[in-house]
Amino acid sequence: MKLSSSETWEVEPGELVRWRPVPGGISTQASAPVSENERFHLDSIAQGQPGWIALTLDFPERLDLGRVGEVMSTVIARHDVLRSHYTATDAGYQRLLHGGVDVREGSREADAGLGPAAFAAALAERITATCNPFEPLPHFLAAVRRASSTTLICGFDHCYVDARSMALLSSEICELLAGAALAPAESGLDALCRVAGEEAAVAPDDARLGEWERFLAATDWQVPEFPVDLGVPAGAAADMRTMVTTLLPGDTARAFSSEVHRHGGRTYPAVLTCAAKALNTVGGPAEVATVVPTGTGAGPGCVGWSVGNAPLLITAGDDLFEAVPVNTARLAAALPLAEIGLTPVYAAFGHRLRQRRSDVFMMSYVDYTRLPGPHPGVRAEQVSSSKPTDTAQWWFWRDSDGIHVRVRHPHTERAVAVLAATLEEMRTLVTAVVARTAEPVGVSGERA
């Protein structure tokens, strides 16, 4: 899986075929309540900010459109979250569930002669217009067909999917196109119900709330924001831009993991340590406060947005290999804090929080080598919609090609300079870790 953003997206043009999901059966109020993550997101949508994610699958063949339509219909029908939509009421947001779905071919358009960037920009506009979660089944389903290749595009508002969901869908689509039978899908709504029940059971004296309090006190009750000036005054925003780079290619990434494991660390916190040290080098603090998204409540076979938020202080440290085990322990201690959800946190501490930015500084990590994925020879890409922003957000990911990062940031000269310098320093640090694996080892077992 590759990560990109709509403002840099390119798609080779071709015949564009779209399918339209039509709800069937009676719609009822879903048992799963709307989560805090969803509320924040829906508020943003209501204010006119798009928030979709699109999965693209590039097949090295001209696919049969009838078969593609059947697969699209099966995928939408088998996942209950994808058969729902939202309504706004005086009491807040509600989720309605449709009993069935019929996916019908909607339109065909010949190649309009656009270049890859212009064609993708036109697709992004259509996805934005389609993926309105306040309308029934607001999913963008399309194929771009050429003489000897096909790109499938499935766009969803973020409320319906997360990174794990997109990986699962990439696998299911390839399996169905190959004629395989799938096991029954797990219920994403049931997963959301479990998470909501766990949040409701959090008592005021829960130790995890105490750990949240310690984190927030350490940040002076400031919601985490990128710790270096990016040239955007508080209360303002700038157009979004995206940097994507490979930190370590495949074999080198494996060597990196082996080396940090020998020093009592793990890959993700080691990458975070390198990021913190790089930020410290360009003027950031010795302790970087961020939020780490983490999967919670969802099984491997269900689609939905089931992501918790763990607060984390990353130490840059004087010595990288001393800081790595410290941050490994901190991350392990922070992950359980995501299990209680944000609702109890805001209920307990919302009156004390200070937030200067509309977006939160977060650093995410997904290891796609541990998730389902597309068939060999099929290229998968996850494209996120673009909107004005006032801080930077980082997505690290690992796949068979190595360890990579996508940084989305405000488009200012200051942000471009700071982030380019930070990523360059990160590459220097991770490369230095790998270089240690080639150092000779003395008789005592210590490196010379």
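The values are calculated or read from the model by the stated rules, or taken from the named source; none is laboratory data. Values in this document were obtained by computation on a predicted structure and should not be read as measured data. Glycine gets a Cβ as well: all are built from the backbone with ideal geometry, and neighbour counts include every protein chain shown. The area values use the complete protein model at the heavy-atom level, side chains included, leaving out ligands, DNA and RNA. Shrake-Rupley method; radii C 1.70, N 1.55, O 1.52, S 1.80 Å.
Observations, loosely collected:
- Scope segment 233-251; condition more than 19 Å from VAL291 (Cβ to Cβ) and crowded, with 19+ Cβ neighbours inside 10 Å; matching residues: ARG241, THR242, MET243, LEU247, LEU248
- Options ARG427, ARG330, ARG398, ARG414: the member that is closer than 30 Å to ASP205 by Cα, open to solvent by 20 Å² or more (accessible area, probe 1.4 Å), outside any loop (DSSP other than H, G, I, E, B) and at pLDDT 95 or above: ARG330
- Residue satisfying condition, being farther than 30 Å from GLU425 by Cβ, out of contact with any Ser or Thr (no Cβ under 9 Å at 6 or more places or on another chain), in contact (Cβ under 8 Å) with a residue 60 or more places away in the chain and not assigned by the TED database to the domain that holds HIS79, within set PRO300, PRO325: PRO300
- For the condition more than 18 Å from the chain's Cα centre (by Cα) and either surrounded by fewer than 23 Cβ atoms within 10 Å (Cβ to Cβ) or free of Cβ contacts under 8 Å to residues at least 12 places away in the same chain (or both), ARG406 does not qualify.
- Subset of segment 81-99 that is open to solvent by 20 Å² or more (accessible area, probe 1.4 Å) and touching a residue at least 60 places away in the same chain (Cβ under 8 Å) - its residue that is farthest from the chain's Cα centre (by Cα): GLY99
- The lone criterion from (1) within 18 Å of ILE127 (Cβ to Cβ); (2) part of a helix (DSSP H, G or I); (3) open to solvent by 40 Å² or more (accessible area, probe 1.4 Å) left unmet by ARG39 is number (1).
- Test result for THR128, under 15 Å from SER5 (Cα atoms) and either in a loop (DSSP other than H, G, I, E, B) or polar (S, T, N, Q) (or both): yes
- Residue match in segment 56-71 (condition: open to solvent by 20 Å² or more (accessible area, probe 1.4 Å) and of a type in the set (S, T, N, Q)): no
- Filter result for LEU216 (in the same structural domain as PRO372 (by the TED database) and crowded, with 20+ Cβ neighbours inside 10 Å): yes
- Test result for GLY265, open to solvent by less than 40 Å² (accessible area, probe 1.4 Å) and touching a Gly at 6+ places or on another chain (Cβ under 7 Å): no
- The set of residues from segment 276-320 being under 25 Å from ILE173 (Cα atoms), of a type in the set (S, T, N, Q) and modelled with pLDDT of 95 or more is empty.
- Hey, GLY301 part of a loop (DSSP other than H, G, I, E, B) and open to solvent by 10 Å² or more (accessible area, probe 1.4 Å) or not: yes
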